1. Quick check on my filter: what residues within the range 43-53 are of a type outside the set (D, E, K, R) and within 13 Å of residue 109 (Cβ to Cβ)?
2. Tell me which of these residue 51 doesn't satisfy, since it passes every other one: (1) small (Gly, Ala, Ser); (2) open to solvent by less than 30 Å² (accessible area, probe 1.4 Å); (3) at pLDDT below 90; (4) more than 14 Å from residue 31 (Cβ to Cβ).
3. Where residues in the range 54-85 are closer than 17 Å to residue 105 by Cα and among the small types (Gly, Ala, Ser), which of them is modelled with the highest pLDDT?
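The values are calculated or read from the model by the stated rules, or taken from the named source; none is laboratory data. These figures come from a predicted structure and were not determined experimentally. All Cβ positions, glycine included, derive from the backbone under ideal geometry; neighbour counts span all protein chains shown. Heads up: the accessible areas ignore ligands, DNA and RNA and are worked out on the full protein's heavy atoms, side chains in. Shrake-Rupley method; radii C 1.70, N 1.55, O 1.52, S 1.80 Å.
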Amino acid sequence: MTHSDPETPMPTPAVDHERELARIERLARLLDSRFRIPGTGIRFGWEGIIGLVPGIGDTVTLAPAGWMVWKARQLGVPKHKIAQMAGNTGIDYVVGLVPIVGDLFDIGFKANLRNAEILRSHLIEERDRAAAARRPDPT
């Protein structure tokens with residue numbers, strides 16, 4: 001793919017990563033903490049609402065959660081962190097299948113927000129590592 005417009009700069013990997021991270025964090029907030037129960041600090045999202053539908057609710061919300069893990073892999077997250085993200089998603093899915101208990105668990109566990117934080121931490125580590133590599137050696 002070539003870049004034909006000289007006036008528009010090519011996006012750098014860091015910019016692309018920031019844009020993707022912002023998308024993932026927005027989705028995670030929608031799924032896990034979009035709403036607040038008035039008078040409390042308890043937050044829940046669309047995953048908690050959709051998960052109330054017996055049989056299919058948790059399966060439906062597995063798709064965006066899986067997309068986040070797939071996107072993290074595309075962004076270069078190492079396999080051990082991808083496994084941790086997949087584990088969070090799997091726990092959320094399996095426990096979420098249990099009526100009522102799973103819905104309450106969903107409110108507290110917030111697998112999507114956990115996964116977004118794993119991605120954020122990884123990207124910050126990579127950015128800091130790249131910045132350190134660009135610094136001249138003081139010796």
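1. Those that are of a type outside the set (D, E, K, R) and within 13 Å of residue 109 (Cβ to Cβ): 44, 45, 48, 51.
2. Among (1) small (Gly, Ala, Ser); (2) open to solvent by less than 30 Å² (accessible area, probe 1.4 Å); (3) at pLDDT below 90; (4) more than 14 Å from residue 31 (Cβ to Cβ), the lone unmet condition for residue 51 is (4).
3. Per the criteria, the residue is 65.
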